[in-house]
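All remarks here apply to the structure that follows.
The values are calculated or read from the model by the stated rules, or taken from the named source; none is laboratory data. These numbers were taken from a predicted model, which means no experiment stands behind them. All Cβ positions, even for glycine, are placed from backbone atoms using ideal geometry, and neighbour counts span all protein chains on display. Accessible surface is based on the protein model in full, side chains and every heavy atom, while ligands, DNA and RNA are left aside. Shrake-Rupley method; radii C 1.70, N 1.55, O 1.52, S 1.80 Å.
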Amino acid sequence: MQQIVLKQYCNGAPQPEDFQLETLALPEPKDGQFRVRHIWCSVDPGTRSRLSGGDSYAAALPLGKPIDGFSVGMIEASNNPDWEVGTKVFCAGGWKTHSLQSGKGFIGKVMDVPGVPLSAWIGVLGVPGLTAWFGTKDVARFKEGDAVLVTSAAGPVGATAGQLAKAWGASKVVGVAGSKAKCDWLLNEAGFDGAINYKTDGDLTAAIAAEFPKGVDVLFDNVGNAMVNRVLPLMALYGRICISGQVADYNLTPEQTPGIVNTKPFITHRVNMQGLVVFDFMRSFPEALGTMAKMIASGQLKIQEERFDAIASMPEAFCGLFRGENSGRRVVKVGAE
């Protein structure tokens, strides 16, 4: 098997040389375990928080250890009667070609839904889509008629959150993204009502205010503190903010991270702000996944992927996330389907 490990701690934006490819013997499953041959693996922006040597909401990753990530593949050897050889599963397999699993933690059997690609089970049907579902529904307490602003909206979390809000009856959904192509996809494919290109639209605060003359009911933020600080004065009465990710802040030290100073709306507009770790909602994952799989199959929920080939390409695929190069979910094919 092959795996990518952390060679050196990341200082600022991650670089391919921070990682190393290793080749090991195939692990053999013990009693209760089974071995998954990965077919697709993901690269996730949130992984960055573990790669500088300091703890965040998850412990820092030690040097020489495999990088975290999600995988979808097939069971090829099993000593667990509940998980048979040939079963397709999604799991927290890491940046590897194979992993040993026990059936506990984040793992599930792939549902047979025609028209849904296998790679979607680590995208919209994986942690990104689940984050969008529970972040919108439970954390932001979305209700029909809400006006919704989504940042990093062309990424898999943001695009899914916006589409779910539309499907659930939002009065308006506007996304913020970083290129004309991304904005065009949000408008023409994902069905957003508006899209703001933060790189070319000049005064971003004014552009957001123009889209939401009555205020923002829900801010689904994937960017970080500077964006939250910008939007707080534009929130509607009883507005809700879901802190889903902080892609602009992941590479910063605590001293470099912008502060949130526009706090008055928490009082004047009774704004509520809450973050989430999606695994808090694990008991409800099957219902959400089943619904979203049907939405993908019917064309109601659009997915966008960037596909890479071979495990050796994972570091570069990951590093590109922090240069704003990705459109949609980045997945890497590490084995035959």
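Please say if the range 155-270 is rounded, prolate or oblate, where rounded means a/c under 1.5 for a ≥ b ≥ c the square roots of the C-alpha gyration tensor eigenvalues, and otherwise the choice is prolate for a/b larger than b/c and oblate otherwise?
Judged from the Cα gyration tensor, the range 155-270 comes out oblate (a/c at least 1.5, b/c at or above a/b).
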Exercise. For the range 183-196, what does the Karplus curve 6.51 cos²θ - 1.76 cosθ + 1.60, with θ = phi - 60°, yield as ³J(HN,Hα) per residue in whole Hz, taken in order and with x for Gly and Pro?
Worked result: 5, 4, 5, 4, 6, 8, 10, 7, x, 5, 7, x, 8, 10
Exercise. With point charges of +1 on the Cβ of Lys and Arg and -1 on the Cβ of Asp and Glu, referenced to the Cα centre of the range 257-337, which listed residue (275, 299, 336) lies farthest in the positive direction of the dipole?
Worked result: 275
Problem set entry | Lysine pair number, Cα distance threshold 22 Å (strictly under), the range 1-157, separation 8 or more or different chains | 14
Seminar exercise, completed: The summed charge of the residue 207 Cβ neighbourhood (under 13 Å; Lys/Arg +1, Asp/Glu -1) stands at -1
For this session: Give, rounded to the nearest 20 debye, the magnitude of the charge dipole that the chain has about its Cα centre when Lys and Arg contribute +1 at Cβ and Asp and Glu contribute -1 at Cβ.
Result: 460 debye
Exercise. Say a paramagnetic label sat at a point 7 Å from the Cα of residue 307, along Cα to Cβ; which residues of the range 112-150 have their backbone N under 11 Å from it?
Worked result: 117-120
Exercise. Of the residues 101, 33, 163, which exhibits the maximal mean-square fluctuation in a Gaussian network model of the chain defined by a 10 Å Cα contact cut-off?
Worked result: 33
Exercise. Ignoring any ligand, DNA or RNA, what whole percent of the accessible area of the chain comes from carbon and sulfur when the probe is 1.4 angstrom?
Worked result: 51 percent
Exercise. If you plug each phi of the range 239-254 into the Karplus form 6.51 cos²θ - 1.76 cosθ + 1.60 with θ = phi - 60°, what whole-Hz ³J(HN,Hα) values come out, in order, with x for Gly and Pro?
Worked result: x, 10, 10, 9, 8, 8, x, 9, 4, 7, 9, 4, 8, 9, 6, x
Problem set entry | Paramagnetic label zone (point 7 Å from Cα along Cα-to-C-beta, residue 268; backbone N under 20 Å) in the range 195-224 | 204-219
For this session: Select from 237, 311, 209 the residue farthest towards the positive end of the dipole of the range 209-337; place +1 on Cβ of Lys and Arg, -1 on Cβ of Asp and Glu, and compute about the Cα centre.
Result: 237
Exercise. What dipole magnitude, in Debye to the nearest 20, does the range 196-264 give about its Cα centre under +1 on Lys/Arg Cβ and -1 on Asp/Glu Cβ?
Worked result: 180 debye
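Of 38, 98, which has the most accessible area with a 1.4 Å probe, and how do the rest follow in descending order?
Numbers: 38 0, 98 30 Å².
Largest to smallest exposure gives the sequence 98, 38.
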For this session: Taking only protein heavy atoms into account and a 1.4 Å probe, give the accessible area per residue of the chain in Å².
Result: 43 Å²
Exercise. Short version: ³J(HN,Hα) in whole Hz for each residue of the range 285-297, in order, from phi by Karplus 6.51 cos²θ - 1.76 cosθ + 1.60 (θ = phi - 60°), x for Gly and Pro, what are they?
Worked result: 4, x, 5, 5, 5, x, 5, 5, 4, 5, 5, 5, 4
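Percent relative contact order of the chain, based on C-alpha pairs within less than 8 angstrom and at least six residues apart?
19 percent
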Problem set entry | Cα-projected label distance for residue 237 with residue 187, points at 7 Å along beta-carbon direction, nm | 3.3 nm
For this session: Only one of the values [x] 22; [y] 26; [z] 19 was calculated from this structure for percent of Cα pairs over 36 Å apart; name its label.
Result: [z]
Exercise. In whole Å, what is the distance between the alpha-carbon centres of the range 293-307 and the range 220-290?
Worked result: 26 Å
Seminar exercise, completed: Ranking 169, 136, 186 by how far each Cα lies towards the positive end of the charge dipole of the range 91-233 (+1 on Lys and Arg Cβ, -1 on Asp and Glu Cβ), the top one is 136
Problem set entry | Paramagnetic label zone (point 7 Å from Cα along Cα-to-C-beta, residue 102; backbone N under 15 Å) in the range 59-80 | 79-80
